[in-house]
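The values are calculated or read from the model by the stated rules, or taken from the named source; none is laboratory data. The structure displayed is predicted, hence computed values, not measured ones. Cβ sites come from the backbone with ideal geometry, for glycine too, and all protein chains shown count toward neighbours.
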Amino acid sequence: MAQGRAGYWAAHTAALREELAAAVPKEALERLQHLRPWKHALILLGLLTQLGLCSWGLAAVSHPAVWLPLALLQGLTLFNFTVLLHEVVHGTAVPGDREGLKRALGWLYSVPSGISQSQFTRWHLDHHAELGSADQDPKRHNLSPKRNARWFKALYFTPALIPIYFRAAAHATASYEPALRGRIRRERLTAVLVHALVAAALWSSLGAFAAARTYFIPYLFGFPLAFALNRLGQHYDVNASDPARWGTRMRRSLFWDWAFFGSAYHLEHHYFPGVPLYNLRRLNRALTPFFEARRIPARSYGWLVWQWLGRNRVAHSDWR
């Protein structure tokens, strides 16, 4: 799929893009952007295996010491399907013009979270194009908390995220062309029907408690926790006067590389959106001298959570 259109980001980052081109020379960038579909396939296989094992464990074991952490892991698993959808959006899942395969992967990756792949694609590419704008970036304008209250921001880590997200998506979708809005409605309806069938099948075959462990608790509690934490590391701690800091630089971590499939390197992704997720850690290393010269701090998720909820920092501001 296309990388997006020109917008606020392109209009304000000419000098930055020259710096980045010097920091990551053309030959090095070509190596980082080289797609290896077998790596994507292995990641997908691992994700499906994790989904199956978590589902089996949640259905079979009723002791809370086992199923509670498994439910959180299952929520993370469901979230990571959106990370793979993100790869499809940027054309970094499979090379070439294999539109049928990309469309099929888009369905596979969007249905677990209940979203429309067409809505996510438009929303996300607009986000890239308008990054830095308070009103044109659809994620910032529609989804970021407008009320800087701890209790309200904490809702994003709970089941309340689901209506919050779909309300934000509906606001953005209202401005789309009619054909796209119709496609989004059909895709959402399909996702809702799939979820309803899965929930009904689990309830009827396993009983209410097992269905809650296997489906409802991971989806309603585990997924929002993973989503909100991942998003906290994207664009909340920024410097509006410096386009190089319109995203948050995250500290390298093998654990978070595994947990979020490398998507924690979100600032690097905005610099070079054609780099697949399995090369983002290498891109981060290549950009380390640039980050250090620009004095761009590396954050941890623990530090961000403390600043966000403990110190009640404002979204999209400089937390230094």
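Return yes or no: is ALA259 in contact with a strand residue (DSSP E or B) (Cβ under 9 Å, 6 or more places away or on another chain), crowded, with 19+ Cβ neighbours inside 10 Å and under 23 Å from ALA93 (Cα atoms)?
Details: in contact with a strand residue (DSSP E or B) (Cβ under 9 Å, 6 or more places away or on another chain): no; crowded, with 19+ Cβ neighbours inside 10 Å: yes; under 23 Å from ALA93 (Cα atoms): yes.
No; evaluated as a whole, the condition is false for this residue.
When you look at SER118, is it buried (at least 20 other Cβ atoms within 10 Å of the Cβ), of a type in the set (Ser, Thr, Tyr) and either in contact with a helix residue (DSSP H, G or I) (Cβ under 6 Å, 6 or more places away or on another chain) or not in a helix (DSSP H, G or I) (or both), yes or no?
Here the answer is yes, as SER118 does meet what is asked.
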Hits in region 274-295 (condition: over 30 Å from VAL94 (Cα atoms), among the basic types (Lys, Arg) and surrounded by fewer than 15 Cβ atoms within 10 Å (Cβ to Cβ)): ARG295
Region 296-314 - residue that is under 21 Å from the mean Cα position of the chain (by Cα) and among the small types (Gly, Ala, Ser) and, of those, surrounded by the fewest Cβ atoms within 10 Å (Cβ to Cβ): GLY302
Members of region 231-241 that are in a loop (DSSP other than H, G, I, E, B), out of contact with any strand residue (DSSP E or B) (no Cβ under 6 Å at 6 or more places or on another chain) and buried (at least 19 other Cβ atoms within 10 Å of the Cβ): GLN234, HIS235, TYR236, VAL238
Checking LEU84 against (1) crowded, with 22+ Cβ neighbours inside 10 Å; (2) farther than 19 Å from TRP256 by Cα; (3) not polar (S, T, N, Q), the condition it does not meet: (2)
Test: residue in region 161-176 that is crowded, with 17+ Cβ neighbours inside 10 Å, without any contact (Cβ under 8 Å) to a residue 12 or more places away in the chain and either within 25 Å of ARG311 (Cα to Cα) or out of contact with any helix residue (DSSP H, G or I) (no Cβ under 7 Å at 6 or more places or on another chain) (or both): no
Of all residues in region 177-190 being free of Cβ contacts under 8 Å to residues at least 24 places away in the same chain and of a type in the set (A, V, I, L, M), the one that is nearest to ARG313 (Cα to Cα): LEU189
Residue selected from region 43-88 under the condition in contact with a Lys or Arg (Cβ under 9 Å, 6 or more places away or on another chain) and outside any helix (DSSP H, G or I), by the criterion nearest to LEU108 (Cα to Cα): VAL61
Matching residues, region 275-306, being of a type in the set (Ser, Thr, Tyr) and over 27 Å from LEU225 (Cβ atoms): THR288
Residues located in region 1-55, provided they are exposed (fewer than 13 other Cβ atoms within 10 Å of the Cβ), more than 27 Å from ILE296 (Cβ to Cβ) and in contact (Cβ under 8 Å) with a residue 12 or more places away in the chain: ALA2, ARG36
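What residue, of ALA228, ALA244, is at pLDDT 95 or above and either crowded, with 22+ Cβ neighbours inside 10 Å or over 14 Å from LEU304 (Cβ atoms) (or both)? Lay out the reasoning, then the answer.
Details: ALA228 fails: either crowded, with 22+ Cβ neighbours inside 10 Å or over 14 Å from LEU304 (Cβ atoms) (or both).
Going through ALA228, ALA244 in turn, just one is at pLDDT 95 or above and either crowded, with 22+ Cβ neighbours inside 10 Å or over 14 Å from LEU304 (Cβ atoms) (or both): ALA244.
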Members of region 203-248 that are touching a residue at least 60 places away in the same chain (Cβ under 8 Å) and of a type in the set (A, V, I, L, M): LEU206, ALA210, ILE217, LEU220, LEU225, ALA226, ALA228, LEU229, LEU232, VAL238, ALA240, ALA244
Count - residues of region 89-113 that are part of a helix (DSSP H, G or I), over 21 Å from PHE221 (Cα atoms) and not charged (D, E, K, R): 8
Selection count, region 273-290, where residues are touching a residue at least 40 places away in the same chain (Cβ under 8 Å) and either in contact with a helix residue (DSSP H, G or I) (Cβ under 6 Å, 6 or more places away or on another chain) or in a helix (DSSP H, G or I) (or both): 11
Checklist (1) surrounded by 12 or more Cβ atoms within 10 Å (Cβ to Cβ); (2) within 30 Å of HIS63 (Cα to Cα) applied to PHE152, failing item: (2)
